[in-house]
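> One structure follows; several queries about it will come next.
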Amino acid sequence: MLISKDSEKKSRWYFGGLASAGSAFCTQPLDLLKVIYQTDLRTNVSMFQLSREIVRDDGVCALFNGVSAAVLRQLTYSTTRFAIYELGKQTEFGKESGFLGRVVMAAIGGTVGGFVGSPADLINVRMQNDIKRPPALRRNYKNAFDGIVRVWREEGFRRLFAGASSATARSVFMTIGQLTFYDQAKYTLFQTGYFTDNIGTHFLAALIAGGMATTMTQPIDMVKTVMMNAKPGEFNSIGAILVHIGQLGPLGFFKGFIPRFIRLGPHTVLTFIFLEQLRIHFGVVESR
């Protein structure tokens, strides 16, 4: 099996957050379309039609609504989950526990990261969804920090963590789907003897991880999006949200699966390509 010496380098704890923030910026238009598609009860509107409506009504720049919140979310949420996973993976337990051990570390990282990133996630969803609201009803947050301050003042501190439970659950499965399956896919590709530590291997492993993460988190993501975008008091329980989504039929929880994969696939691929480049060029050489 041929593996480059670069594979001996380990990521620094903050590389995941930086890589995810860069990826979030690049894929923000796709994420915005995914959020709007999930919260739009029309069943005959395609992703292309939504993007055309947005550009027609608000201009091309509207596709980047909420980009500051998206980047802030990754700098909090992804920095935390990647850091816990990477640091845990480099411990003796992480080296000896195998796949199941990495799943446990990913679940822990996802739990903490999902909670930490909830305020920025809330603002991100609201800023993205603002463009489909009538101008008089738009929240018009200037940026992520302005949104957080206004929610705190106008709705209370606890409102910043609206949807934190579903966001945390989603984060657990997202982290397992992305990080654990990326590592496993890369290891399996190495084992064939036909792949080395290069961008092609990183791309293929990340694509597999993106598919797994999308499948595992789609129902939870649908609940989270509706919950975070709801008006105060609109739903009195998660059960009410489940009934609301269920009105779309059995596949309602998978509404937006294709646009979400179109967004999450490139996001996952870019995240791991950026992460691997940071690791290769600025990583720490493991002491033996």
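The values are calculated or read from the model by the stated rules, or taken from the named source; none is laboratory data. Bear in mind the structure is a predicted one, so any value in this text is a computation, not a measurement. Counting neighbours? That spans all protein chains shown, and the Cβs are built from the backbone with ideal geometry, glycine included. SASA here: full protein model, heavy atoms, side chains in, ligands and nucleic acids out. Shrake-Rupley method; radii C 1.70, N 1.55, O 1.52, S 1.80 Å.
> For the chain, treating each Cα as an identical point scatterer without solvent, what Debye log10 I(q)/I(0) comes out at q = 0.07 1/Å?
At q = 0.07 Å⁻¹ the computed log10 ratios are -0.26.
> Here's a follow-up. With springs connecting C-alpha atoms under 10 Å apart, model the chain as a Gaussian network and identify which of Thr188, Thr175, Thr196 has the largest mean-square fluctuation.
Sorting by GNM fluctuation, first place goes to Thr188.
> On a 1.4 Å probe surface of the protein chains, which of Ser46, Ser11 comes out largest in accessible area, and what is the full order?
On the way: Ser46 50, Ser11 15 Å².
The ranking, largest first, comes out as Ser46, Ser11.
> Between region 172-229 and region 251-288, how far is it from one alpha carbon centroid to the other, in angstrom?
When both Cα centres are located, 7 Å separates them.
> Give the accessible area for Glu53 in Å² (nearest 10); use a 1.4 Å probe, count only protein heavy atoms, and leave out ligands, DNA and RNA.
Rounded to the nearest 10, that gives 50 Å².
> What are the membrane-span-like helices in the chain by this rule: whole DSSP H runs, Cα extent along the axis at least 18 Å, mean Kyte-Doolittle hydropathy at least -1.0?
Span-like helices, by this rule, are 15-39, 98-116, 199-229, 257-282.
> Let me ask another. Can you tell me the convex hull volume per residue for region 21-153, based on C-alpha atoms, in Å³ to the nearest whole number? Write out the running numbers ahead of the final one.
On the way: hull volume 17.5 nm³, N = 133.
Spelled out: Cα convex hull of region 21-153, divided by residues, is 131 Å³.
> Given charges of +1 on the Cβ of Lys and Arg and -1 on the Cβ of Asp and Glu, with all other atoms neutral, how large is the dipole of the chain about its Cα centre, in debye to the nearest 20?
The dipole magnitude comes to about 440 debye.
> Something else now. Given a 1.4 Å probe and heavy atoms of the protein chains only, how would you sort Tyr37, Tyr141, Tyr194, Tyr14, largest accessible area at the top?
Working: Tyr37 50, Tyr141 25, Tyr194 195, Tyr14 85 Å².
Reading off the accessible areas and sorting them downward yields Tyr194, Tyr14, Tyr37, Tyr141.
> Sum up the lysine pairs in the chain that clear both bars: alpha-carbon distance under 24 Å and a spacing of 8 or more or different chains.
Going through the chain pair by pair, I get 24.
> Could you rank Val149, Val67, Val269 by how accessible they are, 1.4 Å probe, largest area first?
Val149, Val67, Val269
> Find which of Ala185, Met212, Phe254 sits farthest along the positive direction of the dipole of the chain, computed with +1 on the beta-carbon of Lys and Arg, -1 on that of Asp and Glu, about the Cα centre.
Phe254
> What order do you get for 127-140, 72-85 when each peptide is scored by the mean count of other beta carbon atoms within 10 Å, highest first? Present the calculation step by step, with values, prior to reporting the outcome.
On the way: 127-140: 15.4, 72-85: 24.9.
Highest-to-lowest ranking by the protection proxy: 72-85, 127-140.
> Let me ask another. I need the peptides 270-280, 86-96, 225-235 ranked by packing, meaning the mean over residues of other C-beta atoms within 10 angstrom, with the highest value on top.
Order by mean packing, descending: 270-280, 225-235, 86-96.
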